[in-house]
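This report refers to the structure that appears directly beneath it.
The values are calculated or read from the model by the stated rules, or taken from the named source; none is laboratory data. None of the values given here were measured: they were computed from a predicted structure. Every residue, glycine as well, gets a Cβ built from its backbone with ideal geometry; the counts of neighbours run over all protein chains shown. Please note that ligands, DNA and RNA were not included when accessible areas were found on the heavy atoms of the full protein model with its side chains. Shrake-Rupley method; radii C 1.70, N 1.55, O 1.52, S 1.80 Å.
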Amino acid sequence: MKKLFTSLIIAGLALISFTAFSIPKLNSYPSAAATIFLDFDGQYVVGTIWNGGNPINCAASGLTDPQIVDAFNRVAEDYRPFEVNITTDSTVFLAAPLNQRIRVIITPTNYWNMGVGGISWMGSFTAGDDTPAFVFSNMLAYNAKYVAECCSHESGHTVGLAHQSKYDIANCSSPIETYSTGFGSGETGWAPIMGNSYSKNMTNWNNGPTPYGCTAVQDNLSTIVSNNGFGYRADDYGETLNAGTFALTGNNFNATGIITTNSDKDAFRFTLNSNSNFHVTVVPYTVPAAMNGANLDVRVELYNAAAILIRDYDPVNTMAVTIDTILNAGSYYLKVSGTGNQNIGAYGSLGEYIIAGSFNGLPIHSVSLAGTADKGKHNLSWRIVADEPIKTIEVETSNDGSHFSSLMSVSQSATNFSYQPFKNNNIFYRLKVTSVLDQTVYSNIVALKATDNAEKRFQVSNLVRNEIVVNAAENYQYTLIDINGQTIKTGTGLKGINWIDVSNLPRGINIIQIFNQDHATGSFGRQTERIIKQ
């Protein structure tokens, strides 16, 4: 639980360090004048309104050095978008402007104010009298995550923020949670920093209702940058996609960026000299890893050289983005921004990220596909340019040009394929070609116009060597008969392309009879075809 005082009484005070603990000296933004000091080593507080004006001899936090670093990193990420330095160094704090600094004392000494996780004065960051805020580590189980959430929350009050509450839509006058616990669980489970964020992984600044009513909405970001003498950090990367876009170079690259505002998008350019496997991850800053404590939910857009969007990567169940694809030679752009998920919108999705990627040239340089439609038959032909032998060629089809499924595998030496489709809609085709090095390349997409359904529901290859190919509009049964009327083979087949092995048959003429049920009429039909085995 956290407690907020809504008034400020200015009084002279002295803050005297009573011990000389060696605390890790950390700074999140050393060049910033505005400073939030996380004081872990104990403090003797006198001359304040706290404790009825009586001195408070604050013990050290009780946290270990690794816990202090963890808590610092979490608070630093919360304030990453702003021109403010989070520090654990008292000399940095004392050098900051008096009306642009706050000391947050992390201590188990809470006898004078029991039952709360922390306490602070609203707006004290700019008061100019060094009135401290407090976070009581003993009330937070000496847990670095809890301490960090409380530090950000209490310092949030000092920069002018009220609590964020949760309301039942049917009752706008009274909150169901004065301290909103947010929504969801797991990696994308979210709560506002100015609510109750202890149990959520994703916490950030929010534009939401306060305890004063569901329509009393407070824009956290605007309040922070408007009332405290500092604003947002300068944009580190531009958004424009052109020759001046920041270039990611080398076969392995990485860069660090910060999304500082709701409208901020960071653009990067890269060039592939040949068709390549392309792998990139964009991961928000985490403490210490595995999406722990990230504020930024990442969205990545991939554009071609003409700045035309190829794909938008915005997974809802994870805060990071991973791209594994194959790209043709040329220049491309990546655009990184903050996004929302199933639990919260994009408003507070701000913070640091790391982009890392790699690409390697493919032995398959190009796969060019062409196609024609002739009397209901679709004819495909292709050309493959590769340095290594081809292991497989797969013909794929799609009804929408986006979601493809396998139609047929052809031989590694094949350069064409023809068949009679049983669809009324237009059909999209592409090739999936895999080399002996297990690197896969997709061809361009070809769309062929639909025709009326063929008169025959089964297209059968009549001149065969080792197998009969049956392209079926429905599931079926078949009987293979020799020229003397003797049954050679029986079996079943499924809708689509099927193969019947006849490698053991002698050369000559055979008959295949195919049986199926017409689902429209319920009647059974039979189709007979002559087969010549070469």
| query | Considering the dipole of the chain built from charges on the beta carbon (Lys and Arg +1, Asp and Glu -1) around the Cα centre, which of Val69, Thr479, Asn426 is farthest to its positive end? | reply | Thr479
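When the dipole is taken about the Cα centre of the stretch 340-434, and only Lys, Arg (+1) and Asp, Glu (-1) are charged at their Cβ, what size is it in debye, to the nearest 20? Before the final figure, lay out each step's value.
Working: 7 positive and 7 negative charges, 84 e Å.
Once rounded to the nearest 20, the dipole reads 400 debye.
Suppose every K and R has +1 on its Cβ and every D and E has -1 on its Cβ; what is the size of the dipole of the chain about the Cα centre, in Debye to the nearest 20? All intermediate terms of the calculation are to be shown ahead of the outcome.
Values: 33 positive and 42 negative charges, 343 e Å.
In debye, rounded to 20, the chain gives about 1640.
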| After finding the eigenvalues of the alpha carbon gyration tensor for the chain, what semi-axes result from the square roots of 5 times each, listed largest first in whole Å? | 69, 25, 19
| said: Rounded, prolate or oblate for the stretch 379-506? Axes are the square roots of the Cα gyration tensor eigenvalues, ordered a ≥ b ≥ c, and the cut-off for rounded is a/c under 1.5. | reply: oblate
| Solvent-accessible area per residue, Å², over the stretch 112-205 with all protein chains present [probe radius 1.4 Å] | 29 Å²
| field | Dipole-positive endmost among Gly376, Ile169, Ile23 within the chain (Cβ charges, Cα centre) | value | Gly376
| request: Treat every Asp and Glu Cβ in the stretch 211-362 as -1 and every Lys and Arg Cβ as +1, leave all other atoms uncharged, and give the resulting dipole magnitude about the Cα centre to the nearest 20 debye. | output: 180 debye
| For the chain, which whole-number percentage of the solvent-accessible area (1.4 Å probe, protein heavy atoms only) is attributable to carbon and sulfur atoms? | 49 percent
| task | Give the residue from Ser124, Asn220, Ala320 lying farthest towards the positive end of the charge dipole for the chain; charges sit on Cβ (+1 for Lys and Arg, -1 for Asp and Glu) and the dipole is referred to the Cα centre. | result | Ala320
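If you filter the stretch 332-414 for trypsin sites (Lys or Arg not before Pro), then keep DSSP loop positions with at most 16 other Cβ within 10 Å, what is left? Can you show the working numbers first?
Numbers: sites: Lys335, Lys375, Lys377, Arg383, Lys391; in loops: Lys375.
Listed in order of number, the matching sites are Lys375.
Using only the Cα atoms of the stretch 333-402, build the gyration tensor, take square roots of its eigenvalues as a ≥ b ≥ c, and label the shape rounded, prolate or oblate: rounded if a/c is under 1.5, else prolate if a/b is larger than b/c, else oblate. Can you show the working numbers first?
On the way: a/c = 4.29, a/b = 1.82, b/c = 2.36.
Judged from the Cα gyration tensor, the stretch 333-402 comes out oblate (a/c at least 1.5, b/c at or above a/b).
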| remark: the stretch 375-449 accessible area per residue, 1.4 Å probe, protein heavy atoms, integer Å², reads 53 Å²
| said: From the phi angles alone, apply the Karplus equation (6.51, -1.76, 1.60; θ = phi - 60°) to the stretch 468-478 and give each ³J(HN,Hα) in whole Hz, x where the residue is Gly or Pro. | reply: 9, 9, 10, 9, 10, 7, 9, 4, 8, 10, 9
| message | Can you give me the long-range amide H partners of Gly231? Hydrogens built in the peptide plane at 1.01 Å from N, cutoff under 5 Å, separation of 5 or more residues or another chain. | response | Glu83
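Determine the per residue accessible area of the stretch 17-80 with all protein chains present and a 1.4 angstrom probe, expressed in square angstrom.
Details: 2460 Å² over 64 residues.
Normalised by residue count, the accessible surface of the stretch 17-80 is 38 Å².
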| request: Jot down the radius of gyration and Dmax of the stretch 275-324, Cα atoms only, both in angstrom. | output: 12.7, 38
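Divide by every residue of the chain the summed helix terms, -39500 (n - 2.57) for each DSSP H run of at least 4, and state the resulting mean residue ellipticity at 222 nm, rounded to the nearest 500 deg cm²/dmol.
Working: 4 runs with 43 residues, N = 534.
Result for the chain, helices only: -2500 deg cm²/dmol.
Using only the Cα atoms of the stretch 221-300, build the gyration tensor, take square roots of its eigenvalues as a ≥ b ≥ c, and label the shape rounded, prolate or oblate: rounded if a/c is under 1.5, else prolate if a/b is larger than b/c, else oblate.
It comes out oblate by the Cα gyration axes.
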